[in-house]
Amino acid sequence: MTGASRREGIGAAICMALARAGADVFFTHWQEYDAQTSQLLDRDGPAILEEAIERQGVRASAMRVDLSEPDAPARVIETAAEWLGPATILVNNAAYSTDATWDTLDAQTLDAHYAVNLRATALLCAEFARRFPDEGQRAGSGRIVNLSSGQSLGPMPRELAYAATKGAVEALTVSLSLALAPRGITVNAVNPGPTDTGWMDADLKNLLLPRFPMGRLGEPGDAARLVAFLTSPEARWITGQIIHSEGGFIRT
């Protein structure tokens with residue numbers, strides 16, 4: 001599980017959902033990103049999340065890692081195996097996102113988004129599949145879930161680099177699902193839609209709320225429940241899907 005730096009985030013909610021389902025959880029965090037790009041730094045978040053996972057009666061370990069480093073994916077999968085044993089579930093939640101319009105887009109911005117959102121995701125998937133245990137292949141118990149953001153549903157003109165790299169994750173998901181099916185691994189992507197994880201101000205909430213026909217904003221637990229299902233035995237026949245779990249969000 002990548003990208004669980006804040007207790008309010010989707011990553012933390014997914015970790016807890018997997019733990020409640022009985023899975024040991026290894027997660028990564030990189031708080032330097034939060035410190036540089038937002039006011040949402042949660043310094044104690046990873047340690048408190050690790051304790052909360054363990055209270056569910058499963059094992060937990062965490063790793064501070066910058067996924068923009070080319071060798072980071074291999075180190076993550078190797079460390080997870082050393083601490084908790086061979087992984088059978090991979091959730092790629094970590095993301096890099098900054099505003100990038102056509103008149104501000106440059107090579108550095110594109111490379112920063114590519115390194116985390118696409119390269120790290122693709123390499124984590126590859127390392128996971130290479131190390132996937134033989135008994136898991138026979139049982140068809142491998143699960144990869146990537147997080148997307150609905151780029152295929154409409155334009156994101158203020159986040160060109162983010163949209164381009166996350167859109168590529170959806171394409172990767174579909175092609176990788178075919179490649180890994182013979183190894184007993186399903187590959188799906190989840191688009192949670194606009195989710196209130198502490199980054200929305202009051203004005204944005206008021207703007208978005210009328211576009212949710214169920215009368216509330218998306219919550220981290222909404223995405224977490226779906227990911228928990230996709231990683232369960234009940235979802236063994238679902239692969240190659242981009243699932244838009246947005247509560248009927250109305251796009252304009």
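The values are calculated or read from the model by the stated rules, or taken from the named source; none is laboratory data. Please read all numbers here as calculations on a predicted model, not as lab measurements. Positions of Cβ are generated from backbone atoms using ideal geometry, with glycine treated the same way; all protein chains shown enter the neighbour counts.
Worth a mention:
- Pairs, first closer than 16 Å to ASP103 by Cα in region 155-170, second aromatic (Phe, Trp, Tyr) and crowded, with 19+ Cβ neighbours inside 10 Å, C-beta under 8 Å, six or more apart: MET156/TYR162; TYR162/TYR96
- Out of GLU82, GLU78, sole residue that is loosely packed, with under 14 Cβ neighbours inside 10 Å, under 20 Å from the mean Cα position of the chain (by Cα), over 23 Å from ALA13 (Cβ atoms) and modelled with pLDDT of 95 or more: GLU78
Per-residue answers, yes or no, for (1) modelled with pLDDT of 95 or more; (2) closer than 14 Å to ASN92 by Cα:
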| residue | (1), (2) |
| --- | --- |
| LEU147 | yes, yes |
| GLY150 | no, no |
| GLY154 | no, no |
| LEU172 | yes, yes |
| ALA179 | yes, no |
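- Hits in region 234-252 - residues which are over 15 Å from ALA17 (Cβ atoms) and either in contact with a Leu (Cβ under 7 Å, 6 or more places away or on another chain) or surrounded by fewer than 17 Cβ atoms within 10 Å (Cβ to Cβ) (or both): ARG236, TRP237, ILE238, GLY240, GLN241, ILE243, HIS244, GLY248, ILE250, ARG251, THR252
- Exclusive hit being out of contact with any Asp or Glu (no Cβ under 6 Å at 6 or more places or on another chain), within 23 Å of ASP106 (Cα to Cα) and not small (Gly, Ala, Ser), set GLU135, GLU159, GLU127: GLU159
- The set of residues in region 104-120 being surrounded by 18 or more Cβ atoms within 10 Å (Cβ to Cβ) and touching a strand residue (DSSP E or B) at 6+ places or on another chain (Cβ under 7 Å) is empty.
- Failed condition for LEU147, given (1) in contact (Cβ under 8 Å) with a residue 40 or more places away in the chain; (2) in contact with a Pro (Cβ under 8 Å, 6 or more places away or on another chain); (3) farther than 19 Å from GLY11 by Cα: (3)
- Taking region 1-110 and the helices (runs of 4 or more DSSP H) fully enclosed by it, the elements with 2 or more residues that are in contact with a helix residue (DSSP H, G or I) (Cβ under 7 Å, 6 or more places away or on another chain) are at 10-20, 45-54, 72-84.
- Answer from GLN56, GLN36 - the residue that is surrounded by 16 or more Cβ atoms within 10 Å (Cβ to Cβ) and more than 18 Å from the chain's Cα centre (by Cα): GLN56
- Where helices (runs of 4 or more DSSP H) sit wholly within region 121-224, those with at least 3 residues that are crowded, with 21+ Cβ neighbours inside 10 Å occupy 121-131, 160-180.
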